[in-house]
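To keep things clear, I will list the structure first and then write my remarks on it.
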């Protein structure tokens, strides 16, 4: 009997150890290769590391020359890996002074971004022409936080478009002859009701209209999201970089179905740092989740270009 108990204890211990070894405890939220390399060892071999790569306890990162990587830890905090502290070995998750809620929010944000890296699209990029129908970009199959709404689509710059929003009882807004690929929803137009699903339709000429749905969150759900984001922001230390914060915030928004709001967070960060591969990778993941394969592929390609343009 004692032998059986001992065997069970060993089996359970092995199971716990295996679970800990496969648990994601961090992510590469920033990576700049410069004239060097960033490499990951997960097991026995070193290989080139990539943006938004999930990390397990025991994984190691090493950098050369002026390369830099930033690791966001699910248990709290970030680690900047440079030549001076390379190689860096990821430790098992250790709770910090943050609340359990804050840790859960970080883990959810990182988890969404990690899941988005598993299947990169293989779409063939093409240039839009007047012969092709427009593609709705935003808002596209998403919930939205209350606030101004920008209607966006991709299409020929020579075409003129009809933009329409349709509610459960029929059209609530229509604008004809729109040039370009963006139209801000007018503040004096019919107010859009929270909790109601609307359809945005965009068409040009005799083409079949292209459409996507969106829904504005009600006040209670919007407050919950705002509270989560506030808790997330407060949980970061003063030294946490804007890019890493943006990645986690975007992941958290997207995990709640707020794909367009997540996209705006990433685009705002890219406006300040257009050369950060992790931000382009995050944007690609959001486009992929939205069903925009070509735009996702373009973002992923840009991330890879930035990683390898000066690679040794």
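The values are calculated or read from the model by the stated rules, or taken from the named source; none is laboratory data. Here the structure is a predicted model, which means the values were calculated and not measured. Cβ sites come from the backbone with ideal geometry, for glycine too, and all protein chains shown count toward neighbours.
With the structure loaded, tell me whether residue 41 is closer than 28 Å to residue 300 by Cα, within 26 Å of the chain's Cα centre (by Cα), at pLDDT 90 or above and surrounded by fewer than 16 Cβ atoms within 10 Å (Cβ to Cβ) or whether it fails that test. It is false that residue 41 is closer than 28 Å to residue 300 by Cα, within 26 Å of the chain's Cα centre (by Cα), at pLDDT 90 or above and surrounded by fewer than 16 Cβ atoms within 10 Å (Cβ to Cβ). Among the residues making up region 257-286, those that are over 15 Å from residue 51 (Cβ atoms) and crowded, with 22+ Cβ neighbours inside 10 Å are 258, 259, 260, 261, 262, 263, 265. Taking the stated definitions as given, is residue 170 over 23 Å from residue 253 (Cβ atoms) and exposed (fewer than 12 other Cβ atoms within 10 Å of the Cβ)? Criteria met by residue 170. Screening residue 214 on (1) assigned to a strand (DSSP E or B); (2) over 20 Å from the mean Cα position of the chain (by Cα); (3) buried (at least 16 other Cβ atoms within 10 Å of the Cβ) shows it passes everything except condition (2). In region 132-146, of all residues being in a loop (DSSP other than H, G, I, E, B) and touching a helix residue (DSSP H, G or I) at 6+ places or on another chain (Cβ under 9 Å), the one that is surrounded by the fewest Cβ atoms within 10 Å (Cβ to Cβ) corresponds to 146. All of (1) at pLDDT 95 or above; (2) more than 28 Å from the chain's Cα centre (by Cα) hold for residue 159 with one exception: (1). Among the residues of region 6-29, is any assigned to a loop (DSSP other than H, G, I, E, B) and at pLDDT 90 or above? Checked region 6-29: no residue is assigned to a loop (DSSP other than H, G, I, E, B) and at pLDDT 90 or above. A single entry from 233, 240 fulfils the requirement of being surrounded by fewer than 19 Cβ atoms within 10 Å (Cβ to Cβ) and touching a strand residue (DSSP E or B) at 6+ places or on another chain (Cβ under 9 Å): 240. Restricting attention to region 151-167, the residues being within 20 Å of residue 292 (Cβ to Cβ) and either touching a helix residue (DSSP H, G or I) at 6+ places or on another chain (Cβ under 7 Å) or exposed (fewer than 14 other Cβ atoms within 10 Å of the Cβ) (or both) number 1.
Okay, residues lined up against (1) over 25 Å from residue 229 (Cβ atoms); (2) modelled with pLDDT under 90; (3) not in a strand (DSSP E or B):
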residue	(1), (2), (3)
47	yes, no, no
70	no, no, no
98	no, yes, yes
109	no, yes, yes
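If you check residue 193 against the conditions, is it surrounded by fewer than 18 Cβ atoms within 10 Å (Cβ to Cβ), in contact with a strand residue (DSSP E or B) (Cβ under 6 Å, 6 or more places away or on another chain) and part of a loop (DSSP other than H, G, I, E, B)?
Values: surrounded by fewer than 18 Cβ atoms within 10 Å (Cβ to Cβ): yes; in contact with a strand residue (DSSP E or B) (Cβ under 6 Å, 6 or more places away or on another chain): no; part of a loop (DSSP other than H, G, I, E, B): yes.
Considered against the rule, which asks whether it is surrounded by fewer than 18 Cβ atoms within 10 Å (Cβ to Cβ), in contact with a strand residue (DSSP E or B) (Cβ under 6 Å, 6 or more places away or on another chain) and part of a loop (DSSP other than H, G, I, E, B), residue 193 comes out as no.
Scanning region 249-281 for residues being more than 19 Å from residue 148 (Cβ to Cβ) and part of a loop (DSSP other than H, G, I, E, B) gives a total of 6.
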